[in-house]
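All remarks here apply to the structure that follows.
Here, each number is a calculation from the coordinates, and none is a lab measurement. As the structure is a prediction and not an experimental result, all values here were calculated from the model. Virtual Cβ from ideal backbone geometry, glycine too; neighbours counted across all protein chains shown.
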Amino acid sequence: MTTPLTSAEAHRAVELLASRSLIRLVTEIDDNGAIPPRRLAGTLPDLSSHQLRCACETARTHALVRTAPGSGLELTAAGTELADLYDTAARWARHHAYPAPVSEFSSRIRHVLELLAPALTPHNLSPGSIAGLLSDDAEAELARPRTLLIQWLASNPQVTRAFEPTPVT
């Protein structure tokens, strides 16, 4: 990352990326390919129509998905990179039983992102900034998800910016 994030930017980015519905949407498309038109609710039946609408709107706003003619909702390059970050975070969490030995996939990702959030701000950029929270091995292995998150945010700065609603005239 060329410029460290402010605490507000780091919080905003983690809050957005840790959304259960966004995690479900991105990982579903990554695992199973494009979601055909009108199949979103059937593909993700555990999410309400409101959650699906919000996840799709968020994913489109941040250029994570696009609608491809003939195939449906698919990931962009940024969406694919985010799916890789999610997989890496979930693998780390599963290996270290974080936050608990048995946890839902999206919960694991959310907790890892929340753990990494302080490491995104200027006074916490050095590795080891979460010392005392994890074993030395766990913290050393957390370097990979941390690096991927920093790289992803550097490539997708729109995620850290506050969006102002467009005035209605």
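Shown here is the pair-distance distribution of segment 79-157: with all Cα-Cα distances grouped in 5 Å bins from zero up to the longest one, the shares run 3, 16, 28, 27, 17, 7, 1 percent.
Across all directions, the average flat footprint of the convex hull enclosing the Cα atoms of the chain is 11.2 nm².
Using a Gaussian network model of the chain in which every pair of alpha carbons under 10 angstrom is joined by a spring, one finds that among Leu116, Leu44, Leu25 the greatest mean-square fluctuation is at Leu44.
For segment 76-85, backbone phi angles converted through the Karplus equation (6.51, -1.76, 1.60; θ = phi - 60°) give residue-by-residue couplings of 8, 4, 5, x, 5, 5, 5, 4, 5, 4 Hz, Gly and Pro being listed as x. With a cut-off of 12 Å between beta carbons, the residues surrounding Leu85 carry a summed charge of -1, where Lys and Arg count +1 and Asp and Glu -1.
Sum up the charges of everything whose Cβ sits under 11 Å from the Cβ of Leu73, counting Lys and Arg as +1 and Asp and Glu as -1, but leave Leu73 out.
Values: positive: Arg38, Arg39, Arg60, Arg66; negative: Glu28, Glu74.
Summing Lys/Arg as +1 and Asp/Glu as -1 gives +2.
Among Asp46, Asp137, Asp87, the largest mean-square fluctuation in a Gaussian network model of the chain (Cα springs under 10 Å) belongs to Asp137.
Per-residue packing, averaged as other Cβ atoms within 10 Å, sorts the ranges 105-111, 51-57 into the order 105-111, 51-57, beginning with the highest.
Ordered by the count of other Cβ atoms within 10 Å of each Cβ, fewest first, Val102, Val159 give Val102, Val159.
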